[in-house]
Amino acid sequence: MGQSINVESKPVDSFCMFTTDRVLTGQDPVRFASLADAEAAEGFPALLAARLFAADEAVDNVYVAANDVIVGRTGEWDQTTVDAAETTISNLYRFYE
């Protein structure tokens, strides 16, 4: 149930910008500096951030603003890490298949 989100990515050094086909926040952006920050918050941006932190231990910050998700890592992005983050974002609204 739920629809997948279409995601386009652009990695640059230790950051990757993911642009989605739907808005994930209201007008105010949200930033999470840790898994604990994400778990302490409510809403879909917090849920997404928690999933991104859990999926990749090198993730050190997540910024969500409208339809953009900017994820920082302690190392550079490679195609495997980009693909994993894209899948995590794409499946945010999927409850079961």
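Tabulated data for the structure shown
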| item | result |
| --- | --- |
| Summed side-chain charge close to ASP56 - residues other than ASP56 whose Cβ falls under 13 Å, Lys, Arg +1, Asp, Glu -1 | -4 |
| Kirkwood hydrodynamic radius of the range 46-89, from inverse mean 1/r over distinct Cα pairs, in Å | 10.5 Å |
| In the range 1-51, GluC sites (Glu not before Pro) in a DSSP loop with at most 14 other beta-carbon atoms within 10 Å | GLU42 |
| The range 52-97-the range 7-43 distance, computed between alpha-carbon centres (Å) | 8 Å |
| Exposed-site-free run, longest, the chain (rule: trypsin sites (Lys or Arg not before Pro); DSSP loop; at most 15 other C-beta within 10 Å) | 23-93 |
| Given 10 as the ceiling on other Cβ atoms within 10 Å, longest exposed-site-free region of the chain for chymotrypsin sites (Phe, Trp or Tyr not before Pro) in DSSP loops | 1-94 |
| The chain, accessible area per residue, ligands and nucleic acids excluded (1.4 Å, Å²) | 58 Å² |
| Surface share of carbon and sulfur [accessible, 1.4 angstrom probe, percent] for the range 1-90 | 50 percent |
| P(r) of the chain over all Cα-Cα pairs, binned every 10 Å from zero, in whole percent | 17, 55, 27, 1 |
| Spacing of the two label points (7 Å from each Cα toward its C-beta) at SER14 and TYR93, in nm | 3.3 nm |
| Estimated dipole of the chain in Debye, rounded to 20 [Cβ of Lys and Arg +1, of Asp and Glu -1, Cα centre] | 240 debye |
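The values are calculated or read from the model by the stated rules, or taken from the named source; none is laboratory data. In this text the structure is predicted, and so the values were computed from the model without any measurement. Cβ sites come from the backbone with ideal geometry, for glycine too, and all protein chains shown count toward neighbours. Note: accessible area is taken over every heavy atom of the protein model, side chains too, but ligands, DNA and RNA are not part of it. Shrake-Rupley method; radii C 1.70, N 1.55, O 1.52, S 1.80 Å.
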